[in-house]
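*Asks:* So that we are looking at the same thing, I have put the structure below in structure tokens.
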Amino acid sequence: ELSKKMGLANTEPLDNLVKRATDLERAVAAIEAWESTDVNWLEELRWLSDQFPDAEDALITMLSAKSSRSSGALILDGRAASSEAIAKMEENLRDARHRLQADKKGEDSANSKYPEQFSNSVLISPQK
């Protein structure tokens, strides 16, 4: 169509090039949108390690990670030596990019070293 508007006789090759360029532009835009919401999981695990209490105070028994178009989440189940250790951990896991959702806490006297249980989700905002 563009070739015809320009008054060119054989327009098919030019139209094909324009269509391929348009398709390529759409693909690049989709990749850029995907990359802007991607979570750097190695960085998030380093951050978690830096913020998490010492092993004497708490440990993680299950860790999973998931991401969506707009964010990511670390899901943590674990045990702690005290409710104070859980409170300190929860405080440390909050910052400008990380929001803590405390899903469950409880006591389990079957483990004398770590009698407290917790289940938390750390919601991760995309980096700007």
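The values are calculated or read from the model by the stated rules, or taken from the named source; none is laboratory data. Remember, predicted model here, so these are calculated numbers, not experimental data. Heads up, the Cβs are rebuilt from the backbone with ideal geometry, glycines too, and the neighbour counts pull from every protein chain shown. The area values use the complete protein model at the heavy-atom level, side chains included, leaving out ligands, DNA and RNA. Shrake-Rupley method; radii C 1.70, N 1.55, O 1.52, S 1.80 Å.
*Asks:* Please indicate, with yes or no, whether at least one residue in segment 35-42 is within 19 Å of Asn120 (Cβ to Cβ), at pLDDT below 95 and assigned to a helix (DSSP H, G or I).
*Replies:* yes
*Asks:* Restricting to segment 77-89, count the residues that are modelled with pLDDT under 95 and closer than 12 Å to Ser121 by Cβ.
*Replies:* 0
*Asks:* If I filter segment 58-67 for residues that are farther than 21 Å from Asp38 by Cα, of a type in the set (Val, Ile, Thr) and in contact with a Leu (Cβ under 7 Å, 6 or more places away or on another chain), do I get at least one hit?
*Replies:* Yes, some residue in segment 58-67 is farther than 21 Å from Asp38 by Cα, of a type in the set (Val, Ile, Thr) and in contact with a Leu (Cβ under 7 Å, 6 or more places away or on another chain).
*Asks:* A follow-up question, please. For residues that are touching a strand residue (DSSP E or B) at 6+ places or on another chain (Cβ under 7 Å), surrounded by 15 or more Cβ atoms within 10 Å (Cβ to Cβ) and not basic (Lys, Arg), tally how many sit in segment 82-110. Please lay out each step first, then the result.
*Replies:* Kept after step one, since they are touching a strand residue (DSSP E or B) at 6+ places or on another chain (Cβ under 7 Å), are these residues of segment 82-110: 82-83, 85-86, 89-90, 93-94, 97-108.
Keeping just the survivors that are surrounded by 15 or more Cβ atoms within 10 Å (Cβ to Cβ) gives 85-86, 89-90, 93, 97-100, 105.
Adding the requirement that they be not basic (Lys, Arg) leaves 85-86, 89-90, 93, 98, 100.
Residues in segment 82-110 being touching a strand residue (DSSP E or B) at 6+ places or on another chain (Cβ under 7 Å), surrounded by 15 or more Cβ atoms within 10 Å (Cβ to Cβ) and not basic (Lys, Arg): 7 in total.
*Asks:* Can you tell me which residues in segment 78-111 are within 19 Å of Leu42 (Cα to Cα), part of a strand (DSSP E or B) and either touching a Phe, Trp or Tyr at 6+ places or on another chain (Cβ under 9 Å) or in contact (Cβ under 8 Å) with a residue 60 or more places away in the chain (or both)?
*Replies:* His98
*Asks:* Continuing with this model, one more query. Would you pick out the residues in segment 67-80 that are touching a strand residue (DSSP E or B) at 6+ places or on another chain (Cβ under 7 Å) and either among the aliphatic types (A, V, I, L, M) or open to solvent by 70 Å² or more (accessible area, probe 1.4 Å) (or both)? Talk me through it step by step, then tell me what you get.
*Replies:* First, the residues of segment 67-80 that are touching a strand residue (DSSP E or B) at 6+ places or on another chain (Cβ under 7 Å): 71-80.
Residues satisfying the conditions are Ala73, Leu74, Ile75, Leu76, Ala80.
So that you can scan it fast, the table gives a plain yes or no per residue for (1) surrounded by 10 or more Cβ atoms within 10 Å (Cβ to Cβ); (2) at pLDDT below 85; (3) part of a helix (DSSP H, G or I):
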{"position": "Ser3", "(1), (2), (3)": "yes, yes, yes"}
{"position": "Gly7", "(1), (2), (3)": "no, yes, no"}
{"position": "Arg20", "(1), (2), (3)": "yes, yes, yes"}
{"position": "Ala33", "(1), (2), (3)": "yes, yes, yes"}
{"position": "Glu44", "(1), (2), (3)": "yes, no, yes"}
{"position": "Ser49", "(1), (2), (3)": "no, no, yes"}
{"position": "Glu56", "(1), (2), (3)": "yes, no, no"}
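*Asks:* Would you check if Ser64 is open to solvent by less than 60 Å² (accessible area, probe 1.4 Å), in a strand (DSSP E or B) and touching a residue at least 24 places away in the same chain (Cβ under 8 Å)?
*Replies:* Taking the combined requirement at face value, the residue does not satisfy it.
*Asks:* Could you grab me the full set of residues in segment 112-128 that are in contact (Cβ under 8 Å) with a residue 40 or more places away in the chain and either surrounded by 12 or more Cβ atoms within 10 Å (Cβ to Cβ) or among the aromatic types (Phe, Trp, Tyr) (or both)? Full working, then the answer.
*Replies:* Of segment 112-128, the ones in contact (Cβ under 8 Å) with a residue 40 or more places away in the chain are 114, 117-127.
Tyr114, Gln117, Phe118, Ser119, Asn120, Ser121, Val122, Leu123, Ile124, Ser125, Pro126, listed by residue number.
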